[in-house]
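The values are calculated or read from the model by the stated rules, or taken from the named source; none is laboratory data. Worth saying up front: this structure is predicted, and the values here are computed from it rather than measured. Positions of Cβ are generated from backbone atoms using ideal geometry, with glycine treated the same way; all protein chains shown enter the neighbour counts. For accessibility, only protein heavy atoms count, side chains too; no ligands or nucleic acids. Shrake-Rupley method; radii C 1.70, N 1.55, O 1.52, S 1.80 Å.
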Amino acid sequence: MLLTEISIDDLAVGAAFLGAGGGGDPYHTMLLAKAALTNNDINIISVHDLADDALIAPCGWIGAPTVSVEKLPNGQEAQSGLIRFEKIMNRTVDAVLPIEIGGANGLAALVAAAQHGVPVVDADGMGRAFPESQMAIFNIRGLNACPAIISDASGNVVTLESDDNLAHERLARAVSVSMGGIAHMVEYPLTGKEAKAHAVHGTISAAIAIGKSIRLAREAGQDMFAAMFEALRSSNVYSDAGILFDGKIVDLECETKQGFSIGRIVIGAFDGKDEMEIVFQNENLSARCNGQLRACTPDIITIMDRETADVITTERLKYGQRIRVVGAAAPKILRDTKALPIIGPSAFGMDDAYQPIEILNGWSI
């Protein structure tokens, strides 16, 4: 599938939703992808089209979304990272894929693919966005993150080697902070066989479908949220979705700390009777209504403008915004017993046991 400017727009909207507030605002990366499209095709291929011995390079941005708003990329970070990666692997890259489909990282692989002349695999490593590298499904399935290549807007390129994926995350985070708080990273080198076995399949197509559903409903004057929920359920990746809360932001705390955007917001209902609190670390982690859990990681919690259905990422939250909190079930691969200790509530220091969003909200029959 060759991407067009319209499909890149749709992908940006869908990736913003799947980012659960994180992954970075996709606007600048969308512009880079469109600029790359003027001289190159961007081809999306199925994971099943890969040869078993193909070399796949998952890639994306690492850092705090609050920094990415002010510190723009130079557009060459991905290419310099892939060139170093090929030297270390002593072979050429056959394809790239997003390390996470959420936010700007859902589009970062497009820029890398166009500049490097390779296709993008219709899959990713998280099925959404998470704040830390070891939360990729590839780590959960026991694959090594290294060698990893980190590159920045000043032309610096750093290679990381470690057999410990948690140590890799800590080192990569420190490097990204020293690079100004945002950098590009190639990590978790995969064979085609490993991509088929472990990646979250079909997430680029799903993100494009989500964005397209909102665009078409807006043009037709129809309910954009209802259209998006139908697209999610039809994706075969995200089985349930719905509105968790409707109201106005009445309190907001956010700080950039240790390379993350960390904070909480409180949303008041328009009738003044109920409140929802959302806690975030780059991504939205939990949503409680009057103290009762309504959703938690790894399920997706996204804040959207209640009139336009535009996604509001954590770095763009403001007091007084009139919003809807929308939730969606995470892909099944993220909900099993191997995944939850690494990406569930306990991984973020929460006392709650994970409960599926469709159970908490009565969406299941």
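How much of the DSSP beta bridge set in the range 5-201 is antiparallel, as a percent to the nearest 5?
Beta bridges within the range 5-201, antiparallel portion: roughly 70 percent.
Carbon-plus-sulfur fraction of the accessible area of the chain, 1.4 Å probe, in percent?
With neighbouring chains kept in place, the figure for the chain is 49 percent.
Using +1 at the Cβ of each Lys and Arg and -1 at the Cβ of each Asp and Glu in the range 232-277, identify which of Gln258, Ser239, Phe270 lies farthest towards the dipole's positive end.
Ser239
Could you put Cys296, Cys289, Cys254 in order of accessible surface area, largest first, with the 1.4 Å probe and the full protein assembly present?
These residues rank, largest area first, as Cys254, Cys289, Cys296.
With no solvent and one equal point scatterer per Cα, compute the Debye intensity ratio I(q)/I(0) for the range 238-361 at 0.14, 0.15, 0.19 Å⁻¹ and report its log10, rounded to two decimals.
The Cα Debye sum returns log10 ratios of -0.57, -0.66, -1.05.
When only C-alpha pairs under 8 Å and at least 6 residues apart count, what is the relative contact order of the range 5-201, in percent?
31
Going by amide H atoms built from the backbone, whose H comes under 5 Å of the H on Ser239, apart from near neighbours?
The list, which skips near neighbours in sequence, is Ala329.
Return a whole-number percent for the relative contact order of the range 209-303, with Cα pairs under 8 Å and 6 or more residues apart as the contact set.
Reported relative contact order: 14 percent.
Any chance you could give the angle, 0 to 90 degrees and rounded to 10, that helix 77-89 forms with the longest Cα principal axis of the chain?
Once rounded, the angle reads 50 degrees.
Considering only protein heavy atoms, what per residue accessible area in square angstrom results for the range 5-201 with a 1.4 angstrom probe? Walk me through the numbers before you get to the answer.
Numbers: 6480 Å² over 197 residues.
Heavy-atom accessible area per residue stands at 33 Å².
What fraction of the DSSP beta bridges in the chain is antiparallel, stated in percent and rounded to the nearest 5?
Working: 58 of 65 bridges.
Once the DSSP bridges in the chain are tallied, antiparallel ones form about 90 percent.
What are the extents of the Cα atoms of the chain along their three principal axes, listed from largest to smallest and rounded to whole Å?
62, 43, 39
Kindly express, to the nearest 10 degrees and within the range 0 to 90, the angle between helix 203-220's C-alpha long axis and the longest C-alpha principal axis of the chain.
The helix 203-220 is inclined about 50 degrees to the chain.
Probe of 1.4 angstrom, ligands and nucleic acids ignored: what's the accessible area per residue over the range 259-365, in square angstrom?
With the other protein chains kept in place, the range 259-365 gives 42 Å² per residue.
Could you give the size of the charge dipole of the range 110-200 about its Cα centre, using +1 on the Cβ of each K and R and -1 on the Cβ of each D and E, expressed in debye and rounded to the nearest 20?
160
How large is the charge dipole for the chain, taken about the Cα centre, if only the Cβ atoms of Lys, Arg (+1) and Asp, Glu (-1) carry charge, to the nearest 20 debye? Before the final figure, lay out the partial values.
Working: 29 positive and 45 negative charges, 15 e Å.
Here the size comes out at about 60 debye.
Which of Asn139, Asn284, Asn74 moves most in a GNM of the chain, Cα contacts under 10 Å?
Asn74
Listed here are the pairs Lys71/Lys332; Lys193/Lys332; Lys34/Lys338; Lys212/Lys332; Lys87/Lys196; which of them are more than 30 Å apart at the Cα?
Violating the 30 Å Cα-Cα cut-off are Lys71/Lys332; Lys34/Lys338.
For Ala123, list long-range residues whose amide hydrogen, built 1.01 Å from N in the peptide plane, is under 5 Å from its own amide hydrogen.
Those lying under 5 Å, H to H, from Ala123 are Gly202, Thr203, Ile204.
Pick from Ala226, Ala78, Ala295: which is most flexible by mean-square fluctuation in a GNM of the chain where alpha carbon atoms under 10 Å apart are linked?
Of Ala226, Ala78, Ala295, the most mobile in the Gaussian network model is Ala226.
Positive end of the charge dipole of the range 282-365 (Lys, Arg +1 and Asp, Glu -1 on Cβ, about the Cα centre): tell me which of Phe348, Gln321, Pro298 has its Cα farthest that way.
Gln321
Report relative contact order for the chain in percent, whole number only (criteria: Cα-Cα under 8 Å, sequence separation at least 6).
20
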